[in-house]
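Shown next, in structure tokens, is the structure this report addresses.
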Ligand code: PAF
């Protein structure tokens with residue numbers, strides 16, 4: 001695996017690979033890698049891409065500075081994990097490299113209602129920051145395909161919108177041509193979605209953390225014979241009984257994340273939950289087939 005810290009170096013390297021016929025599959029991360037990230041790399045490899053992973057703890061997407069401070073950092077073991085997963089390239093920039101002259105110098109995009117609902121409502125400015133950093137990374141890496149985990153469903157939609165909003169650059173790179181691969185969430189045996197935040201769960205918190213997934217499964221299972229309002233109330237009670245504080249339990253149109261009051265079997269739906277246990281906030285979702 002080749003590691004680059006400088007924008008110019010990785011750009012030149014990838015330009016050479018591209019002109020040699022390589023297709024670039026990009027996996028952006030903030031580090032603290034786990035099996036979910038590795039599955040994205042495996043999927044990119046299996047599809048024949050030159051795999052480029054980035055590790056950059058993006059300060060502009062944390063509306064709560066405490067969250068940024070506590071975000072787990074494990075760069076050395078991340079590198080070992082990437083090597084053993086046969087990742088081809090790692091981009092490991094510092095803040096100045098990603099935001100030369102500061103984040104205010106980087107274009108930021110507006111995503112309308114999509115950045116204001118669900119995660120956006122609970123974490124104001126979060127998706128602006130995600131758009132900013134991913135926009136910069138796409139300019140640097142110029143991938144053919146970006147591999148993203150379904151666990152961050154709203155983030156996948158934001159990045160899809162971002163690619164449509166970004167303009168063609170002077171070298172002819174067209175972000176609107178980037179393919180987005182939304183890859184299935186990787187789960188622990190009890191259904192808990194893999195997440196870097198899981199490392200911060202205490203043993204008793206970890207023991208109940210699978211409840212979020214169980215609630216999603218019950219929202220899915222009850223779509224044919226219950227009202228969503230009732231299922232939502234039941235799930236809220238179950239989560240509270242296990243010590244969770246729920247931010248939202250929602251169903252939405254899976255195509256545009258338009259929130260739904262009631263199940264609608266005529267459209268593809270997704271169920272989404274965000275809840276905290278102690279100081280750890282977890283999110284998860286399930287497509288309802
Ligand atoms: O999902 C993440 O880890 C981050 O939000 C991302 C996409 C790498 C942007 O910093």
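We did not get these values from a lab; they are worked out from the coordinates using the rules stated. Because the structure is predicted, anything quoted here is derived from the model rather than measured. All Cβ positions, even for glycine, are placed from backbone atoms using ideal geometry, and neighbour counts span all protein chains on display.
Measure off 7 Å from each Cα along the Cα-to-Cβ vector at residue 259 and residue 17, then give the distance between these two points in nanometres to one decimal.
Calculated label separation equals 4.1 nm.
Report relative contact order for the range 212-278 in percent, whole number only (criteria: Cα-Cα under 8 Å, sequence separation at least 6).
34 percent
Among DSSP beta bridges lying fully in the chain, give the percent that are antiparallel, nearest 5.
Within the chain, antiparallel bridges account for around 50 percent of the total.
With the crude spin-label approximation of a point 7 Å out along Cα→Cβ, what separation in nm comes out for residue 222 versus residue 45?
Roughly 4.2 nm, to one decimal.
Taking the Cα atoms only, what angle lies between the long axis of helix 126-141 and the longest principal axis of the chain, rounded to 10 degrees?
So the helix axis and the longest Cα principal axis differ by about 30 degrees.
Nearest 500 deg cm²/dmol is fine: what mean residue ellipticity at 222 nm does the chain get from its DSSP H runs of n ≥ 4 alone, each adding -39,500 (n - 2.57), divided by its residue count?
When only DSSP H runs of four or more count, the value is -11000 deg cm²/dmol.
For the range 116-203, calculate the relative contact order in percent as a whole number, restricting contacts to Cα pairs under 8 Å that are 6 or more residues apart.
27 percent
For the range 86-131, restrict the atom set to alpha-carbon positions and state the Rg and Dmax in Å.
Just the Cα atoms of the range 86-131 yield Rg and Dmax of 14.1, 39 Å.
Report the equivalent ellipsoid semi-axes for the range 48-106 in whole Å, largest first, defined as the square roots of five times the eigenvalues of the gyration tensor built from alpha carbon atoms.
25, 16, 9
Using only the alpha-carbon atoms, how far is helix 153-165 inclined from the longest principal axis of the chain? Give it as 0 to 90 degrees, nearest 10.
The angle comes out at about 40 degrees.
Based on the Cβ-Cβ distance of residue 69 and residue 35, what FRET efficiency does E = 1/(1 + (r/R0)^6) give at R0 = 25 Å, to the nearest 0.05?
That gives a FRET efficiency of 0.50.
Label-point separation (nm) for residue 94 and residue 188, each offset 7 Å from Cα along Cα-to-Cβ?
The answer from the label model is 3.5 nm.
Going by how many other Cβ atoms sit within 10 Å of their own, how do 227, 23 line up, fewest first?
Fewest to most other Cβ atoms nearby, the residues stand as 227, 23.
Given a 10 angstrom Cα cut-off, can you work out which residue in 74, 42, 195 is the most mobile in a GNM of the chain?
Residue with maximal mean-square fluctuation among 74, 42, 195: 74.
Considering Cα pairs under 8 angstrom that are at least six residues apart, work out the relative contact order of the chain and quote it in whole percent.
It rounds to 16 percent for the chain.
Compute a Gaussian network model of the chain, connecting alpha carbons closer than 10 Å, and tell me which residue from 131, 36, 278 fluctuates the most.
278
Give the angle, between 0 and 90 degrees and rounded to the nearest 10, that separates the Cα long axis of helix 211-221 from the longest principal axis of the Cα atoms of the chain.
70 degrees
Classify the range 161-289: rounded, prolate or oblate, from the alpha-carbon gyration tensor (a ≥ b ≥ c, eigenvalue square roots; a/c under 1.5 rounded; otherwise prolate if a/b is larger than b/c)?
In terms of gyration-tensor shape, oblate.
Classify the chain: rounded, prolate or oblate, from the alpha-carbon gyration tensor (a ≥ b ≥ c, eigenvalue square roots; a/c under 1.5 rounded; otherwise prolate if a/b is larger than b/c)?
prolate
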